[in-house]
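Report on the following structure.
We did not get these values from a lab; they are worked out from the coordinates using the rules stated. No experiment lies behind these values; they were computed from the predicted model shown. Positions of Cβ are generated from backbone atoms using ideal geometry, with glycine treated the same way; all protein chains shown enter the neighbour counts.
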Amino acid sequence: MTEAGAGTDLAAKTKASRAYADRARRSLPGGVTAGVKYFDPYPIAMKKAKGCRLWDLDRNAYIDYCLSFGPLILGHGHPRVLKAIRDSLESAGTTMFGAPHELEATYAERLLRIFRPDGKMRFTMSGTEATIHAVRLARAYRKRPMIAKFEGHFHGGVDELLVSYTPSNEEVKRGLVPISGSRGTPDSVLKNTVVLPFNDLDETEARIREHADRLACVIVEPVERSYIAPDPDFLKGLREITADHDVPLIFDEVMSGFRVAFGGAQHAYRVTPDLTCLGKIIGGGLPCGAFLGRSDILDLADPATGDFFHSSTFAGYPMAMAAGMATLDELEKPGVFDALLKTTRAVTSGFEKLLKDHHVPAAVPALGTVFSILFTNHAPRNYRDTLGANDARRSVLDTSLLTRGIFVKPGKPFYLSTAHDEAAIRQTLEAFEESLPAIA
Ligand SMILES: Cc1ncc(COP(=O)(O)O)c(C=O)c1O
């Protein structure tokens, strides 16, 4: 298979993807199985992957900076992960039991050692299910309906968690009012949601105090989109104010859990939430999520003593447990995570230097193993700041990178893996430099 040649026209190179999109649109709205996978004029459809590389239907090769929106931190088809999946299947003789099995407690004990040694947890099939149940648990604990969430923060495709996820420039002019995140959201959801401004501790405190008697929880991405860092005292302040009012604080670390640092933002910033949501990497590339935290709250989910509902046909999927543990085994090997952080820095500092050399004003906000590029003069501190960025320039960059064999989901962050080697980084920086004249 061949590399997508630099400077060639994307449409000319991706005719099979175009034909596939035309066919898929007849059965799947937009030709995709999830809105996030769509981009204009049609998404590139893939056929094969290995390490940090993807090959599309036209046999073009790409270096993958999407990594299935984050989970594939070891790259595609890591031998240790594939072996764990095969071994699990062979030893069990089935894909699943529909009953408890030993990997569940083994993996739970391991994740709790990392995140909450005195706590408890439950597995889910996705990050969304993890946040749904964390919020339900908080409501069960506080016996109240209202929740607070931050503008611009994503917690999965649930009506109430989508509120004010991507308000437009026009909508934010109305202030911090709850904005529906999807057509079909009932008004009652908006009435029960308080919207908070990330990295504005005074306003956040004021809003939490104002609604303290009605709030069941505050949910936050402790690192916004996993690349916008919290101010030094922001998470500590948030912890204090929520503790003052006994309002459970939920850290959604579905993305940040093993990307911002091994052990997530709570490890990096030394702030312990009441509840934590995990996903993405903990399934090693198979569907898996988890919610964990204080035992007194998690015990509400004990079916022997309570009536809290959490169930799922596929939760605790044996192959996902095995793949997730194999992934953590690899990440915990001495030097592996540090090397990944170094690789990420090599890309971000390379991008920053090239932007400077070519006099292109842009910010490259980065944390851990995730970064983004925003065509703006100021490093963003929260969602509102990102609204000032020039999206048209970003779109030109994304198309140019795709044309040159660098796979980034247009407009989305870049994720790194341990499979990104020196050759891949060199090719990425070359493609980036070649793209800049069209943007400058
Ligand atoms: C922070 C965060 N929370 C929740 C989710 C939802 O996870 P899933 O797509 O596995 O349902 C995502 C997915 O991107 C996420 O980034």
For Ala16, placing the label point 7 angstrom along Cα-to-beta-carbon and taking the stretch 406-440, residues whose amide nitrogen sits under 15 Å are none
Scalar couplings 3J(HN,Hα) for the stretch 379-389 by Karplus 6.51 cos²θ - 1.76 cosθ + 1.60 (θ = phi - 60°), nearest whole Hz, x for Gly and Pro, are 5, x, 10, 6, 3, 4, 5, 5, 5, x, 6
1/(1 + (r/R0)^6) with r = Cβ-Cβ of His358 and Asp233, R0 = 35 Å, i.e. FRET efficiency to nearest 0.05, evaluates to 0.45
Quick numbers on the stretch 1-151, Rg and Dmax over C-alpha atoms in Å, give 21.0, 59
Non-local residues with an amide H under 5 Å from the amide H of Arg225, with H modelled 1.01 Å from N and Pro and chain starts lacking one, are Phe154
Within the stretch 79-331, the percent of DSSP beta bridges that are antiparallel, given to the nearest 5, stands at 40
Computed curve, the chain, Cα-only Debye sum without solvent term, log₁₀ I(q)/I(0) at 0.09, 0.14 Å⁻¹, is -0.58, -1.43
Ordering 341-354, 155-168, 242-255 by per-residue average of other C-beta atoms within 10 angstrom, highest first, gives 242-255, 155-168, 341-354
In Å, the Kirkwood hydrodynamic radius from C-alpha pairs for the stretch 152-257 sits at 14.3
In the stretch 144-258 the DSSP beta bridges are antiparallel at a rate, in percent to nearest 5, of 10
Residue-normalised 222 nm signal for the chain, counting each DSSP H run of n ≥ 4 as -39,500 (n - 2.57), nearest 500 deg cm²/dmol, is -11000 deg cm²/dmol
Once the in-chain neighbours fewer than 8 apart are removed, the aspartates and glutamates whose Cα is under 13 Å from Lys48 read Asp56, Asp58, Asp64
Toy charge model, Lys and Arg Cβ at +1, Asp and Glu Cβ at -1: the chain dipole around Cα centroid in debye, rounded to 20, equals 1040
Between Ala379 and Ala304, Cβ-based FRET efficiency (R0 51 Å, step 0.05) works out to 0.50
Sorted largest first, the Cα spans of the stretch 308-372 on the principal axes come out in Å as 55, 32, 18
Semi-axes a, b, c in Å (a largest) for the stretch 133-186, each sqrt of 5 times a Cα gyration tensor eigenvalue, come to 23, 12, 9
Binned at 5 Å starting from 0, the alpha-carbon pair-distance distribution of the stretch 79-331 in whole percents comes out as 1, 7, 13, 18, 19, 16, 11, 8, 4, 2, 1, 0
Scalar couplings 3J(HN,Hα) for the stretch 262-276 by Karplus 6.51 cos²θ - 1.76 cosθ + 1.60 (θ = phi - 60°), nearest whole Hz, x for Gly and Pro, are 6, x, x, 5, 5, 6, 5, 9, 6, 10, 9, x, 7, 9, 10
Checked against a 31 Å limit on the C-alpha separation, the offending pairs among Lys236/Lys412; Lys120/Lys173; Lys173/Lys409; Lys120/Lys280; Lys353/Lys409; Lys120/Lys342 are Lys120/Lys173; Lys120/Lys342
Length gained if Val36 through Glu203 is fully extended, taking 0.36 nm per residue and subtracting the Cα-Cα distance, is 57.0 nm
Counting only residues 5 or more apart in sequence or on a different chain, those whose built amide H sits under 5 Å from that of Arg53 are Asp64, His76
Computed from the beta carbon distance with a Förster radius of 60 Å, FRET efficiency for Asn169 and Ser91 to the nearest 0.05 stands at 0.65
Karplus ³J(HN,Hα) for the stretch 50-59 (6.51 cos²θ - 1.76 cosθ + 1.60, θ = phi - 60°; Hz, whole; x = Gly/Pro) runs 7, x, 9, 10, 10, 10, 8, 5, 8, 6
